[in-house]
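Input: a single structure, listed below in structure tokens.
The values are calculated or read from the model by the stated rules, or taken from the named source; none is laboratory data. Predicted model, so just to flag it, every value in this text is computed and none were measured. Neighbour counts are summed over all protein chains in view; Cβ atoms, including those assigned to glycine, are modelled from backbone coordinates with ideal geometry.
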Amino acid sequence: MKKIFSLLLLLISFQKISAQTKSVLFIGNSYTSVNNLPLTVKQLALSKGDSLFVDSNAPGGYTFQQHTTNATTLSKIAQQPWDFVVLQEQSQMPSFPPSQVQTDVYPYATKLDSLIHANDSCTETMFYMTWGKKNGDASNCAGYPILCTFWGVQQRLRESYMEMGQTNQATVAPVGMAWKKIVGDSLSFDLFQADESHPTVYGTYLTACVFYAMLYQKSPVGATYYSTIPDTTAILLQQTADAIVFDSLSLWFESGNIPFSGFDFSAAGTTVTFQSTDINGIQFQWYFGDGNSSAQQNPSHNYAPGTYTVTQIVTSHCKSDTAIHSLTVLPSGIVESNILSNEKIFYTDGRIYFQSEISSSIVLYDVLGRKVFEQLIENNKNTQFVNLNLSSGCYIAVLQKNELKNMIAKVIVP
């Protein structure tokens, strides 16, 4: 079930339909400046139709402690009301023993966070979870054996950055977790330079994809900016960043103040009950598509038969987020959901009916996430159906094209 709902949340995240403009300040060191990470994120955003104003201060080897008294850092924080300020610590320090991190890292992370919010209370602090050294931290391995491997260093970095996010009520960009996935897959390209620490252009591109997903809450898949790497590799890195960010969305956002909209629903007759799957929501506004609305978190609404566009607006702190979902209520009380106007699917009289102009296959899952049916779709055929002997309950149908989920619909079998 967890797998299915993550797919639904991921799909709703694609409903961030309008172009967005963001301003981001990167504060860090060479892991930020090498290959010009801020510019790479900006180019990715432009290729997705979004705008990004970026600035940075990233002297080589700099620590959070040094940044708290650096005149350039302090000036840039105060330069304007930023949407985000990204904080990246010196690469080794968050991986050290917890007692040392507690003394040498956390107080300065909090100091920078307080400076950011003193400048503008609406700015979101985002901690940049970096990656472990390719073959571990040889200089500190003997005294702290967990640092002897990439995996051990990555574990400690994750722990420390997640704690910084929780302590400071901030978001965490899981760059290191995306690196961990690619390193574990043993692919032909290398994220690491010869020093086994700094990123190649592949590593910077993967990092930029994670940041795009975090800053815009939209998938980097489909970006046409590939930097200097082959398009097939760029697409793989886009997909990896997408999976890492959106499959564990609540982990990265739950300590911060950024709201993330999304909802599920169930039906009893023609009454639809909506269950918000939001993250960080404080205030809620629903528009049911028939002139009615609600400010409840999980409202119910009685519909007349027809097709309706349901809009959910979730607000938290200084920001809001919107999810849009389309429902078709049939006279029988069965509810069909569809995202794309040319995609239709519903169950009635023992048959599943579906219509698609762009999808290549339909896959049906039960509530345990088990695949119960799969069939290819003949494109441009108005209506197709299949007889299925299904038990009563809820199923999730995924209409696919080229292995990308184009639509996810709930199918209710009475």
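Got at least one residue in the range 125-148 being of a type in the set (D, E) and in a helix (DSSP H, G or I)?
Start the filter on the range 125-148 by keeping residues that are of a type in the set (D, E), which leaves 137.
From what's left, in a helix (DSSP H, G or I): none.
No, every residue in the range 125-148 fails to be of a type in the set (D, E) and in a helix (DSSP H, G or I).
Examine the range 1-13 for a residue that is modelled with pLDDT of 75 or more and on the phi < 0 side of the Ramachandran plot, and state whether such a residue exists. Full working, then the answer.
Initially, the range 1-13 is screened for residues modelled with pLDDT of 75 or more, giving none.
So far as the range 1-13 goes, no, none of its residues is modelled with pLDDT of 75 or more and on the phi < 0 side of the Ramachandran plot.
So which of E124, E196 ends up being modelled with pLDDT of 95 or more, out of contact with any helix residue (DSSP H, G or I) (no Cβ under 7 Å at 6 or more places or on another chain) and crowded, with 24+ Cβ neighbours inside 10 Å?
Details: E196 fails: crowded, with 24+ Cβ neighbours inside 10 Å.
Just a single option satisfies the conditions, and that option is E124.
Each row is one residue, and each column tells you yes or no for (1) surrounded by 20 or more Cβ atoms within 10 Å (Cβ to Cβ); (2) closer than 15 Å to K319 by Cβ.
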| site | (1), (2) |
| --- | --- |
| P220 | yes, no |
| Y225 | no, no |
| Q238 | yes, no |
| A243 | no, no |
| F246 | yes, no |
| G256 | yes, yes |
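Out of all the residues in the range 244-301, which are on the phi > 0 side of the Ramachandran plot and in contact with a Leu (Cβ under 9 Å, 6 or more places away or on another chain)?
Our first condition is that a residue be on the phi > 0 side of the Ramachandran plot; within the range 244-301, this holds for 262, 269, 280, 289, 291.
Once the filter is applied, which keeps residues that are on the phi > 0 side of the Ramachandran plot and in contact with a Leu (Cβ under 9 Å, 6 or more places away or on another chain), the range 244-301 yields G262, G289.
Return the total of residues in the range 253-295 being part of a strand (DSSP E or B), touching a residue at least 24 places away in the same chain (Cβ under 8 Å) and touching a Phe, Trp or Tyr at 6+ places or on another chain (Cβ under 8 Å). Working first, answer last.
As a first pass, look at the range 253-295 and keep what is part of a strand (DSSP E or B): 260, 263-268, 271-276, 279, 283-287, 293-294.
Filter once more, keeping what is touching a residue at least 24 places away in the same chain (Cβ under 8 Å): 260, 263-268, 271-274, 276, 279, 283-287.
Applying the additional criterion that residues be touching a Phe, Trp or Tyr at 6+ places or on another chain (Cβ under 8 Å) yields 260, 263-265, 271-274, 276, 279, 286.
Result for the range 253-295: 11.
Of the residues A323, A295, only one is of a type outside the set (V, I, T), surrounded by fewer than 18 Cβ atoms within 10 Å (Cβ to Cβ), at pLDDT 65 or above and not assigned by TED's automatic domain parsing to the domain that holds D120; which?
Numbers: A323 fails: surrounded by fewer than 18 Cβ atoms within 10 Å (Cβ to Cβ).
After ruling out the rest, the residue left standing is A295.
Under the condition of being of a type in the set (G, A, S) and under 21 Å from S250 (Cβ atoms), which residue from the range 298-320 is surrounded by the most Cβ atoms within 10 Å (Cβ to Cβ)? Before the answer, list the steps.
So in the range 298-320, the residues of a type in the set (G, A, S) come out as 300, 304, 306, 316, 320.
The next check asks that each one be under 21 Å from S250 (Cβ atoms); those that pass are 316, 320.
Numbers: S316: 18, S320: 15.
Across the range 298-320, the extreme among qualifying residues is S316.
Among the residues that make up the range 142-150, is at least one of them assigned by TED's automatic domain parsing to the domain that holds Q238, over 22 Å from P38 (Cα atoms) and crowded, with 24+ Cβ neighbours inside 10 Å?
Filtering the range 142-150 down to residues assigned by TED's automatic domain parsing to the domain that holds Q238 leaves 142-150.
Restricting the remaining residues to those that are over 22 Å from P38 (Cα atoms) gives 142-150.
Then drop every residue that is not crowded, with 24+ Cβ neighbours inside 10 Å, which leaves 147.
Yes: the range 142-150 contains one or more residues that are assigned by TED's automatic domain parsing to the domain that holds Q238, over 22 Å from P38 (Cα atoms) and crowded, with 24+ Cβ neighbours inside 10 Å.
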